Amino acid sequence: MTSHDNRIRSVVIVGGGSAGWMAAAALSTYLDAAVSIRLVESEEIGIVGVGEASVPHMKLFNRDVLGIDETEFVVRTQGTFKLGIQFNDWGRIGDSYIHGFGKIGRALGPLPFHQFWLKLFLAGRAPEIGAYSLQTVAAPLGKFMPSASDAPAGSPLADIAYAYHFDAGLYARYLRDLSERKGVRRIEGKVVEVSQRSEDGFIEAIVMENGERIEGELFVDCSGFRGLLIEQALETGYEDWTYWLPCDRAMAVPCENVGPPTPYTRSTARTAGWQWRIPLQHRTGNGYVYASRHIGDDEAAATLLANLDGRALADPRPLRFTTGVRRKFWNRNVVALGLASGFMEPLESTSIHLIQSGIQRLLGLFPDRDFDPILAERFNRQSAFEWEKTRDFLILHYKATQRDDTPFWNDCRTMSIPESLQESIDLFRSSGRFFRDAEEFFALPSWVQVMLGQGIVPRAYHPIVDRMPEAELVEFVDRVRRVLAASADAMPTHQAYIDRYCKAAKM
């Protein structure tokens, strides 16, 4: 008896950039060599290329999913390393804190470290929480190193979480080379028509400007904000989150480097939004994300240019967007990734992560030609959960402010927020507790650092802490601080590490 071969044999990716080429690289790595993978992109349309910072999961995706050598990746993308994000002027003007990757202190029994610290902090006997995470100690000192294989077990240097700053255009080019070596065929040109099957509305082909018809069984929409397939053809619908995340425009500009690159991204709150600073080896990326109803484009551009470290290397480039998501990420035989699936400002550098997460979800739920609706339903449910939880973490930054100096910040401070987020804030404010919801992306250290950093200070600590004798508590908390300070002191500078291991050629 011969089984019917119903496997997908033709995948068409519409759009390049980071999303398109990440998808191409992953699919060509894991699908049968007999599967045709074609990527259609137009040099004329170009890519947004705003997201040049990542979270630690990118390291795992590059290494474990794509088999990319880290040093080669950093060199090819003019990359630097990232221990976290520095937030300036978010809680109040003059405030500064770092949301660092990795752990805070050392848990003891059933309690996270910050509960022990909190008892001393509320009594005025401990410094800010940033003194108890290796990343938040090392970052402002300009120190960096990856995990040390020869570090003793339990040493903070044995497990260092970090991410990257990189040139998104160079990353896409690097992945294109990788994908084409694995058989992906790139097709240059613009899509002018989308052909759908009459019986079920599935996409059967796209038609190019030169008349070429490209047929496929599975289509991956990486066409950016346009959503050429998922929205323009399939009319999937869009859920608008502008009420909670009111910024709808950005100005982006590169500038010359001044001094060594910092091992962290910087986010500085401005009158009607915030400005990013991302240091690369060959330049520094900058942008102002803002709400157009509170500030005009010309004033936003002027604000951005007035707050650069070095000479601007181009004119500010405007971007317009609507924060939110498609009502379905997978509709019929189309899966949307990147900006085609939705947009959230790069406040916590989640753009690349959401792409890679979608790719890994697609690999896990990869269909055959029958396109079992259960697969799409599960993909959509998991994607919606991840996007909504990420959205709530971003909302926290805007809501948890004491700023009342501009209409923009007044609106953010006084807005109503999702009930689940309000519950998390209330629980933390009462006793410093936070409970992660299932597999949401941001874990306890992230929530604790941002809430504390922006002025949500708990009124009390967990009662179990009182079981520890006072002298033992003081020694435990202070020992963590001393060990982390010594560990950071032993690390090389960020620039010295790059110079020794992964210095890129000058551009």
Q | Test: Thr262 is out of contact with any Leu (no Cβ under 7 Å at 6 or more places or on another chain), over 19 Å from Leu319 (Cα atoms) and of a type in the set (Ser, Thr, Tyr) | A | yes
Q) Any residue at all in the range 204-211 that is crowded, with 16+ Cβ neighbours inside 10 Å, out of contact with any Ser or Thr (no Cβ under 9 Å at 6 or more places or on another chain) and more than 25 Å from Leu363 (Cα to Cα)? A) yes
**Q.** Considering residues of the range 480-490 that are among the aliphatic types (A, V, I, L, M) and over 26 Å from the mean Cα position of the chain (by Cα) only, the residue surrounded by the fewest Cβ atoms within 10 Å (Cβ to Cβ)
**A.** Ala486
**Q.** Members of the range 8-57 found to be under 22 Å from Leu229 (Cβ atoms), surrounded by fewer than 17 Cβ atoms within 10 Å (Cβ to Cβ) and at pLDDT below 95, listed by number
**A.** Ser42, Glu43, Glu44, Ile45, Gly46
Q) Considering the range 25-39 alone, what residues qualify as being charged (D, E, K, R) and either outside the structural domain of Gln356 (by TED's automatic domain parsing) or closer than 15 Å to Arg7 by Cα (or both)? A) Asp32
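Which one of these is farther than 21 Å from Asp64 by Cβ, modelled with pLDDT of 95 or more and under 17 Å from the mean Cα position of the chain (by Cα): Thr406, Thr390, Thr322? Even if it seems obvious, please write down each step before you answer.
Working: Thr406 fails: under 17 Å from the mean Cα position of the chain (by Cα); Thr322 fails: under 17 Å from the mean Cα position of the chain (by Cα).
Checking each option against the conditions leaves just Thr390.
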Q: Please enumerate the residues belonging to the range 453-474 that are part of a helix (DSSP H, G or I) and surrounded by 13 or more Cβ atoms within 10 Å (Cβ to Cβ).
A: Gly453, Ile464, Val465, Leu473, Val474
Q: Look through Gly227, Gly237 and report the one residue that is of a type outside the set (D, E, K, R) and buried (at least 20 other Cβ atoms within 10 Å of the Cβ).
A: Gly227
Q | Sole exception among (1) hydroxyl-bearing (Ser, Thr, Tyr); (2) more than 26 Å from Gln135 (Cβ to Cβ); (3) in a helix (DSSP H, G or I) for Ser446, by number | A | (2)
Q) So which residues in the range 155-201 are among the small types (Gly, Ala, Ser) and either touching a residue at least 40 places away in the same chain (Cβ under 8 Å) or over 17 Å from Val12 (Cα atoms) (or both), if there are any at all? A) Ser155, Ala158, Ala161, Ala163, Ala168, Gly169, Ala172, Ser179, Gly183, Gly189, Ser198, Gly201
(Q) Please verify whether Ala340 is touching a Pro at 6+ places or on another chain (Cβ under 9 Å), modelled with pLDDT of 95 or more, under 16 Å from Asp221 (Cα atoms) and buried (at least 20 other Cβ atoms within 10 Å of the Cβ), treating the condition exactly as stated. (A) no
Q. Could you list, in sequence order, the residues of the range 144-188 that are among the charged types (D, E, K, R) and within 30 Å of Met208 (Cα to Cα)?
A. Asp167, Arg173, Arg176, Asp177, Glu180, Arg181, Lys182, Arg185, Arg186, Glu188
Q. Going by the conditions given, is Lys119 charged (D, E, K, R), in a helix (DSSP H, G or I) and either at pLDDT below 95 or touching a helix residue (DSSP H, G or I) at 6+ places or on another chain (Cβ under 7 Å) (or both)?
A. yes
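The values are calculated or read from the model by the stated rules, or taken from the named source; none is laboratory data. Worth saying up front: this structure is predicted, and the values here are computed from it rather than measured. Glycine gets a Cβ as well: all are built from the backbone with ideal geometry, and neighbour counts include every protein chain shown.
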